[in-house]
Amino acid sequence: MLVSPWSCSPSCSKAGLELIVRANPELASKTAPPPADYLLVSVTVAGLLAVALILALTIPSLNHWTLLPLFLSSSIEKAWRRYRR
């Protein structure tokens, strides 16, 4: 299985844009600022894609099974919200 090192690029880019907008509030829309949950979702998906990439590169026989951790994203987000309260 050929895996590109840029597999998580779109999610990493989205997470980076979220961080930039949070750091510079004047870049955000005045009428519809981004909700706080968007950053959590972006970082969670980017992290899980990075885990999937590492698994695919270290254990090539797993093939597409390395994408299964992506199903954990909602559980991780719920656990994080519960922890932060």
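Going by what's in this entry, would Ser73 be described as in a helix (DSSP H, G or I), at pLDDT 75 or above and in contact with an Asp or Glu (Cβ under 6 Å, 6 or more places away or on another chain)? No.
Within region 59-70, how many residues turn out to be among the small types (Gly, Ala, Ser) and either within 19 Å of the chain's Cα centre (by Cα) or modelled with pLDDT under 90 (or both)? Break it down into steps so the answer makes sense when it comes.
Step one: of region 59-70, the residues among the small types (Gly, Ala, Ser) are 61.
Imposing the further condition that a residue be either within 19 Å of the chain's Cα centre (by Cα) or modelled with pLDDT under 90 (or both) reduces the set to none.
Looking only at that region, the number is 0.
On the stretch given as region 37-76, residues that are aromatic (Phe, Trp, Tyr) and within 12 Å of Ala15 (Cβ to Cβ) total 1. Only a single item in (1) over 16 Å from the mean Cα position of the chain (by Cα); (2) surrounded by fewer than 16 Cβ atoms within 10 Å (Cβ to Cβ); (3) modelled with pLDDT of 75 or more is not met by Pro33, and it is number (3).
Here region 47-70 is the region considered, the condition is being assigned to a helix (DSSP H, G or I) and of a type in the set (Val, Ile, Thr), and the residue that is surrounded by the fewest Cβ atoms within 10 Å (Cβ to Cβ) is Thr58.
The values are calculated or read from the model by the stated rules, or taken from the named source; none is laboratory data. What you see is a predicted model, and the numbers here were worked out from it, not measured in a lab. Glycine also receives a Cβ, built like all others from the backbone with ideal geometry; neighbour counts cover every protein chain displayed.
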